[in-house]
1. If a residue has to be away from ligand 1 (no atom under 16 Å from the Cβ) and either part of a strand (DSSP E or B) or over 27 Å from the mean Cα position of the chain (by Cα) (or both) to count, how many in the stretch 98-116 make the cut?
2. With the checklist (1) away from ligand 1 (no atom under 16 Å from the Cβ); (2) in contact with a Gly (Cβ under 8 Å, 6 or more places away or on another chain) in hand, flag the one item R127 doesn't pass.
3. If I ask for residues that are open to solvent by 70 Å² or more (accessible area, probe 1.4 Å) and closer than 10 Å to A193 by Cα, which ones from the stretch 333-345 would you list?
4. Out of S296, S352, S332, S276, which single residue is in a strand (DSSP E or B) and among the small types (G, A, S)?
5. Please name all residue pairs, on different chains or six or more residues apart, with Cβ atoms under 8 Å, provided the first residue is in the stretch 87-100 and is away from ligand 2 (no atom under 16 Å from the Cβ) and the second residue is modelled with pLDDT of 95 or more and among the aromatic types (F, W, Y).
6. Take T211 and decide whether it is within 16 Å of ligand 2 (Cβ to nearest atom), in contact with a helix residue (DSSP H, G or I) (Cβ under 6 Å, 6 or more places away or on another chain) and closer than 23 Å to A311 by Cβ.
7. Quickly run through the stretch 299-329 and pick out the residues that are more than 21 Å from E214 (Cα to Cα) and outside any helix (DSSP H, G or I).
Amino acid sequence: MASPADDVAVAQRVLDHIQRGTTDAGAEVWREPVANYLSEQRFAEERALLRRTAVPFCPSAALPQKGSYLAREAAGVPIVAVRGADGAVRAFRNACRHRGTQVAQGAGCVKSFVCPYHAWTYELDGRLRHVPHEDGFPGLDKSSHGLVPVSVEERLGVIFVNQDGSESRTDPIPALLAPGREIIGYRESELEANWKIFLEGFIEGYHIRYTHPETFYPYGFDNLNVIDLFGRSGRITYPFRRIRKLEKVDPAQRKVAGLLTYVYHVFPNVLVTILSRHTNLVVLEPLSPGRTRQLSWTIANDAGEEALAEARRDQEFVGNTGALEDRAVVLSIQQALTSNANEVFTFGKYESLIVHFHRMLNEALRA
Ligand code: FES
Ligand SMILES: [Fe+2]
């Protein structure tokens, strides 16, 4: 969660905007070439960037105990993350050192990884422990045939994996997920659209009134947002109309829970949406220029039966209403990419978090 002092500042900025009829605005209009949503070469460069960046892999809560593991593809590479006997999280390329079979599937809890093909067996720290009929491999140095590790870091309630580098996250992102929270849902879906079109729909409030007239807009505002940048990442705040009740509250005493939604964009392809009762960690995995897999973990903001039930209700509402409206728009854009109507897409002053994203992405790809 963001710190209370920060919440107080955000509340003040929102109330000021309501009073003045303003919103946060960027300084720059950005023109993004449509070719960047279609090009195979650009796609390959973006995936390479994902592999050399510390990217959220899953919430810490997905690996709750010793032996808990999660295996999935990240930027086209099968990776497995596991909480070891010492409580530390490690991550490996998910490929057996004999003939390359993936040693873990999906999620679960194990004492060791046993390859399903010939049962080479690995400790949770990656060491190769056992080779059946080992005399068939004269001279095999077991110590150099452990699972191949990749750099991993557990921070902010999130497991970050950096496949091709060891640099950790430098963005000063506030705490995203408190440790020890319970995962109340996990969804995976695929969408026939470029991952960036998907992402863009989450990080501007210019569309709320028109795309969500009967779902989100009745609770929210037209084009009224607060934008904060944290290094390459950022956050957009979507206030609810009921936040006006804070006008009468002493600024230092203002509590924003239930009065706004925070959407953190964790560069490049992850979103953390903090709603009234639940938080989603959403990973947009690019599968091809025109195909994206969305992985979404839902975590209750509060403990207790009642809080969990309310969180589930809220999650259903968002997932079955506004989120469907967003998906329809994303598909519509994707299908018209090849219409040749646009050489560029124009992002205005009220889409400034998207502008920041494209500027950071361009810089990172050039580096
Ligand atoms: S491929 Fe894993 S044991 Fe043979
Ligand atoms: Fe939307």
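1. Adding up the residues that qualify gives 4.
2. (1)
3. If the condition is that a residue be open to solvent by 70 Å² or more (accessible area, probe 1.4 Å) and closer than 10 Å to A193 by Cα, then Q335 is the only one that fits.
4. Values: S352 fails: in a strand (DSSP E or B); S332 fails: in a strand (DSSP E or B); S276 fails: in a strand (DSSP E or B).
From the options S296, S352, S332, S276, the qualifying one is S296.
5. Close Cβ pairs (under 8 Å, with a partner that is modelled with pLDDT of 95 or more and among the aromatic types (F, W, Y)) amount to A91/F57; C96/Y117; C96/W120; R97/W120; H98/Y117; H98/W120; R99/Y117.
6. Spelling it out, it is not the case that T211 is within 16 Å of ligand 2 (Cβ to nearest atom), in contact with a helix residue (DSSP H, G or I) (Cβ under 6 Å, 6 or more places away or on another chain) and closer than 23 Å to A311 by Cβ.
7. Passing the criteria: I299, A300, N301, D302, A303, G304.
Conditions tested, residue by residue: (1) touching an Asp or Glu at 6+ places or on another chain (Cβ under 6 Å); (2) among the basic types (K, R); (3) farther than 26 Å from S296 by Cα.
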site: R13; (1), (2), (3): no, yes, yes
site: R20; (1), (2), (3): no, yes, yes
site: E28; (1), (2), (3): no, no, yes
site: A74; (1), (2), (3): no, no, no
site: V89; (1), (2), (3): yes, no, no
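The values are calculated or read from the model by the stated rules, or taken from the named source; none is laboratory data. On a predicted model such as this, the values are computed, not experimentally measured, just so you know. Glycine also receives a Cβ, built like all others from the backbone with ideal geometry; neighbour counts cover every protein chain displayed. Areas reflect the complete protein model, heavy atoms only, side chains present, ligands, DNA and RNA absent. Shrake-Rupley method; radii C 1.70, N 1.55, O 1.52, S 1.80 Å.
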